[in-house]
Every structure is written in structure tokens, then in C-alpha cells.
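Asker: The following block contains the structure, expressed as C-alpha cells.
The values are calculated or read from the model by the stated rules, or taken from the named source; none is laboratory data. This is a predicted model, so every value here is computed, not measured. A quick note on method: Cβ atoms are made from the backbone with ideal geometry, for glycine too, and the neighbour counts reach across all protein chains shown.
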Amino acid sequence: MTPILKILLMSMSLVALSACGGETTPTDSDDFFVPPVMGEVSDDIFDSSRVIQVVVNMPAADFTQMRGEARTLSSIMSACPNPDFEYTDFSATVNIDGDQIDNVAIRKKGFLGSISGARPSIKLNFDTHVQGRTFKGMKRMTLNNDRQDPSHSHQCMAYDLYRAAGLVAPRCNLANVIINGENLGIYSQIESIKKPFLELNYGDKSGNLYEAQVADFGEHLNDKFELKTNKTLNDRSDLRVLSDLLLNDGLSDEAFVAALGGVIDLPEFIKFWAVEALIGHWDSATGNVNNFYVYHDPTDDLFHFIPWGTDGAFTRDNPFKANSGPLYRNMSIASRLFEIASTQQLYFDAINSLLLDHWNEADLLVKLESIQTLSGAPATSYTHMQTFFSGDVDEGIASQRQLLTSAMQGDVAQNTYLLPDEASTCEFPQVTTSLSANFESKTPYDGGSFTFINELGVQVTASMDILALAPGAVKPDALVHALDESTEPGVVALTLVGAGPAPLYLDSYVLQVFVEAPSYKTGSVDLQGIVNNVMLFKVTDANATPVGLQLISVGSSGTITIEQSGDGINTAIKGSIAAHMGFIVAADNAQ
């Protein structure tokens, strides 16, 4: 991850985070070319020994609309997502490993980190238009674009390790996705966590299933869990039982542990917690109160935890929670159990057991090599995984085994971050303002400006030309180009630095522009997610390292227009922006 992206992620972290559309006919043409299927096809749709082939044909206008749909970055970062937002269902003809299925519902998927216009994650639903239809036993297919994992190894390897430890986790394999003749490349196919999944793994699908995206247990935090089953009844009292227990300060440690074991499957949770630490799944339940499901199983009347969103696994650093360490406890249950000597020891015992029984570095590297052979991803995309497993003596980087061992011995500093249990003050729609910009790399100094209305209603114009007047022989760049290839596709970041308002130019501002690399070309691209968007910062301390930045607002809608798509050194950059921006009102978000 590039330094500027790390700065922006750190800044973002401080902000509290089905009608059918389109044509009824699935294609603009009668031609539907399907490449020949490679490898031997089996009845197992999650066969991991080969790459399955998914070929989609849909009206071109529908595909264009689907690619462009996304929640606005401003609503997500204001902790106030549009409650009415839904992705549109379109109709398509789909060919999977040579079997053609007509009139399949297709829609985009993703919340923020996986959003891409170039390679959208998608969901296929086989029974939306033909009730009861399945394909190889599945009603739906989830295809993740692995945007944060160019190696295409994180998700399947992570879920395999959960299951090897005896935990319930989705099945996973690789798929090659082609839409309207455009080869979008390798995706991870992940088993959907729906009622068939519950029945298969628990023998009963009638309980409450909750999805958690930045959600923890508490009087108000319970509201952040999204109920996925039994929506009509909408009885969420089971969550209240768990949150009341966590809020009961009058219980002794022994009484709390005993009571907790009557609400959740405690041994299973401790193993779940240990696997999250083992695989470096920082964006997880115990690492980031994110990307997990909880199921209240009627057969044992206990809550069970199910992993999700493991594309960020096998990573050491949590960009949102500095120095949180490898022994995750950024969740109310994990935090409380870690403070109790007996359950902390059970946690350590679970990690050591996993290291002994399921963490063979040589075997993991062989598995990694087999995934690389299937995916065809460049060898460089696997370097971080190899280092994660084995360490790097020359660079002084410990292996994951060494790091966890040191942490359990108390040799690694750790911080705990818990969500505040506060009532939501969310109001929608969010207040927005306008921003316009023009920018150009030129000799001897870059030029341009960006104009916006601040939260006080005052128009501010930040001039990029003013940096030419900065003291010193070496003039700072007002327009900097960077390419971040840690994602697939990569992202071009343009950093615009200006000062304003005239004539005193007392304040400095940074306008960060993100464009997916395939879209960084002559033409216009609509704002979408985080990868095609703009973020406006005020400089709070220009002498700090890194520079102190306060996030002011982020893009809601609008366009980025590129007239010249150079790198600012060998070739010219020129463009403009017209955007609506959402204000970020969180205090003390300087870095």
C-alpha cells in the first residue's frame, strides 16, 4: 500500500463508519460465444482442483448500469448509508462450465472495499425468475472480484483453515468470469450464507441469522446487526440477552464465563477467535467488528459465529487500528475474555493447538503454489503470503508463528479499540456541497485550483499555483501521480495541493483523487465507491511526518474528467472535476 493511501485509510478510520430492471431479453444479439471448458467438470460446484468457467451475456446498457452502481462514499463514511439503497437486478443468460441457464438474475455486490467498475463483484440468482430452480444444488452464486487480493489466494485458503479447525465456514474455489465477451479474469466463488447453508451446517434453518458490518453487541450497538432471516417477525430479543450479559458489571469473572457459555458456543468462539488471529484476518469480528455472521441455532439455543470477507486476511497491519497487535480483542466479547486469566489461557491454548495441527508452513506454501498455477497470477502477488508464512530474515520480518508466539509471551505491544455503545444520530440524506477543480502538470510548476463551499457556507478557492511562491530553492509539487498496484485492478492516485483563500493564502488543502487504472484514460468517469472518487483534506500540520491532515469531505456524486493521462514526469496530466461532496463532521480526525 502506498504511503498516501495509508494516510487516507488512517484518516477514514476515525469517521464512524427488488424490482427487476433492464431488458427482459438477455442479449442484444443472438450470438453468445462460449469459450471451451478447460479441465474435467464434476458435480461439485466448489471443486478446487480447477477453475470453473462463468460466461454471462446481458444487454450492454444493463451491464454499463450495473458496473456504475454503488453506495456513495460520503454516506458510508458519515455512518449514514442510504437505507433505501439496493443494487438493481438484471436478467442474463449464463453458461457455467458448458451448461446454459436462461433468464438468470444478476446484480452487483459489495459495500466499499470490493467496489469496482472495471471488475464488479456479482451475484447470480437462479430462482428469482424461475421459482425453485437451482444449479448443482445452489439457488445463487456469489463471485467476489478479489480486489484487495491480486493473488486470489486469501479467501479460499482462509476458509479452508476455518473448516480444517472444525468450524463452519463457506466453501470456496476459483472462477474465470466473462461478461459480454469481456474477460474480467479470476474471481473467488464463495458459498452464500443463506438458509440452505444453515440447513447444511446446523440441520435447522429456522433461527435468526445476523450479518455484521462494523457491528458489536450493546444496548445501541445491537441495532447495527442486520437480520437476514425471520424479517417479518423481526424478534431481535436474542441479541438483547447477549448484550445485557456483556453490560452486567456485577458478575464475577467465573459467573460471567458460565453465563456466556449458556448464550454462545464458547469453546467454538474461542477457536473462531484463534483462527482469526492465526490467519491475520484483521478485518474480522475480533479484529475490526466487521465481516461476520452470527446464527442463533434453535437446536442448542446458542449463538454461533461464521466468518466472512476474508480477502484482507494474511495481513499484519490493521490500517484502521494502529498497533492493535496480532492477538485480536477489538470486540466486546473478545476484550472481556482476554482480561480473564482462564479464558485468555484457553485462547492461547487454541492458537498453539492450531499452530501444531494446522499451520504447517511447507504445506501452506505448496497450497499457495497450486493456487498460483490455477489462477495464473504473477509470482510477485504471492510474495507477501510467503513472507507471512515463513518470515524474511534479511528484512528482519518474523513469521506469523514467531509473531504470535512472541505476542503470547507479552513481547508485542497491543492496543484495544472498541466501538462506543452510543445511539445513532444518523440522518439521511446527508448534507452535500459542490466542488470543482482543474489541474495540469506543467513546467516549471504545476497549476490549477479547486473550489468548494465549506461547512460555514463560505466559498474557498485553493490555488495550486501558489506553491510556486513557496520559500526555498526546491519547490514542492502541487500535482503528484502515484500508482498503487496492491489491488486488482490498480488505482491511480492524483494528489492535488493548493492554498487559499486569496489574497493571504493562510490555509493549505489536499484534494486526493482516485481513479481505477483501467479508467485512467482520456474521458470521464463517474464517482463510485472509493476507487473513482475524491477526498478533501485540510492540512493541520505541514511540518509533521506524515503531514497532518483533517478530512473535510468526500465525494458523493459527479465526474472526474481526464484530458491527458500522463504520470506528470514523462507525460502530461490534465483534467477537471465536478462533484457533489458530503461533509465529514467527526471531530479530531487529524493524522
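Asker: Give N248, N173, N230, N208 a once-over and let me know the one that is at pLDDT 95 or above and exposed (fewer than 14 other Cβ atoms within 10 Å of the Cβ).
Answerer: N248
Asker: Let me ask you something else. Confirm whether R401 is basic (K, R), on the phi < 0 side of the Ramachandran plot and in the same structural domain as L266 (by TED's automatic domain parsing).
Answerer: Here the answer is no, as R401 does not meet what is asked.
Asker: Within segment 101-117, is even one residue of a type in the set (S, T, N, Q), in a loop (DSSP other than H, G, I, E, B), at pLDDT below 95 and touching a helix residue (DSSP H, G or I) at 6+ places or on another chain (Cβ under 6 Å)?
Answerer: no
Asker: Then there is this: Cβ contacts < 8 Å: first residue not assigned by TED's automatic domain parsing to the domain that holds Y187, restricted to segment 350-375; second residue among the basic types (K, R) and assigned to a loop (DSSP other than H, G, I, E, B), any location; separation 6+ or different chain. Result?
Answerer: Hits for this filter: L374/R50.
Asker: Then there's this: Across segment 50-75, which residue is nearest to F583 (Cα to Cα) among those that are of a type in the set (A, V, I, L, M) and outside any helix (DSSP H, G or I)?
Answerer: Selected residue: A70.
Asker: Next question. Scan (1) under 19 Å from the mean Cα position of the chain (by Cα); (2) closer than 21 Å to F111 by Cα for the single condition V177 breaks and write down its number.
Answerer: Just one mismatch for V177, condition (1).
Asker: Pick from L467, L506, L494, L479: which is surrounded by 20 or more Cβ atoms within 10 Å (Cβ to Cβ) and modelled with pLDDT under 75?
Answerer: Result of the check over L467, L506, L494, L479: L467.
Asker: Of the residues that sit in segment 340-393 and are β-branched (V, I, T) and not in a helix (DSSP H, G or I), which one is surrounded by the most Cβ atoms within 10 Å (Cβ to Cβ)?
Answerer: That would be I340.
Asker: Same structure again: Scanning segment 180-229 for residues that are of a type in the set (V, I, T) and under 26 Å from I52 (Cβ atoms), which turns out nearest to the chain's Cα centre (by Cα)?
Answerer: Ranking the candidates gives I190 first.
Asker: Please find, within segment 559-584, the residue that is farthest from D526 (Cα to Cα) out of those that are surrounded by fewer than 16 Cβ atoms within 10 Å (Cβ to Cβ) and in contact with a Lys or Arg (Cβ under 6 Å, 6 or more places away or on another chain).
Answerer: Q564
Asker: Among (1) part of a helix (DSSP H, G or I); (2) at pLDDT below 95, where does G325 come up short?
Answerer: The single condition G325 does not satisfy is (1).
Asker: Restricting to segment 107-149, name every residue that is acidic (D, E) and over 14 Å from the mean Cα position of the chain (by Cα).
Answerer: Once the filter is applied, which keeps residues that are acidic (D, E) and over 14 Å from the mean Cα position of the chain (by Cα), segment 107-149 yields only D127.
Asker: Exactly one condition in (1) in a helix (DSSP H, G or I); (2) buried (at least 23 other Cβ atoms within 10 Å of the Cβ); (3) of a type in the set (K, R) is not met by R163; state its number.
Answerer: Only one criterion is unmet by R163, namely (2).
Asker: Report whether or not F303 is assigned to a strand (DSSP E or B), assigned by TED's automatic domain parsing to the domain that holds A341 and either at pLDDT below 95 or touching a helix residue (DSSP H, G or I) at 6+ places or on another chain (Cβ under 9 Å) (or both).
Answerer: yes
Asker: Answer yes or no as to whether L198 is out of contact with any Pro (no Cβ under 6 Å at 6 or more places or on another chain), more than 30 Å from F389 (Cα to Cα), assigned by TED's automatic domain parsing to the domain that holds L239 and at pLDDT 95 or above.
Answerer: No: the conditions fail for L198.
Asker: Is it the case, given these coordinates, that S576 is touching an Asp or Glu at 6+ places or on another chain (Cβ under 8 Å) and of a type outside the set (A, V, I, L, M)?
Answerer: yes
Asker: Mind listing whichever residues of segment 119-136 are under 20 Å from V51 (Cβ atoms) and assigned to a loop (DSSP other than H, G, I, E, B)?
Answerer: Matches in segment 119-136: R119, P120, S121, K136.
Asker: Moving on. Sort out which residues of segment 108-122 are surrounded by fewer than 20 Cβ atoms within 10 Å (Cβ to Cβ) and touching a Phe, Trp or Tyr at 6+ places or on another chain (Cβ under 8 Å), and write them in order of number.
Answerer: Correct list: K109 only.
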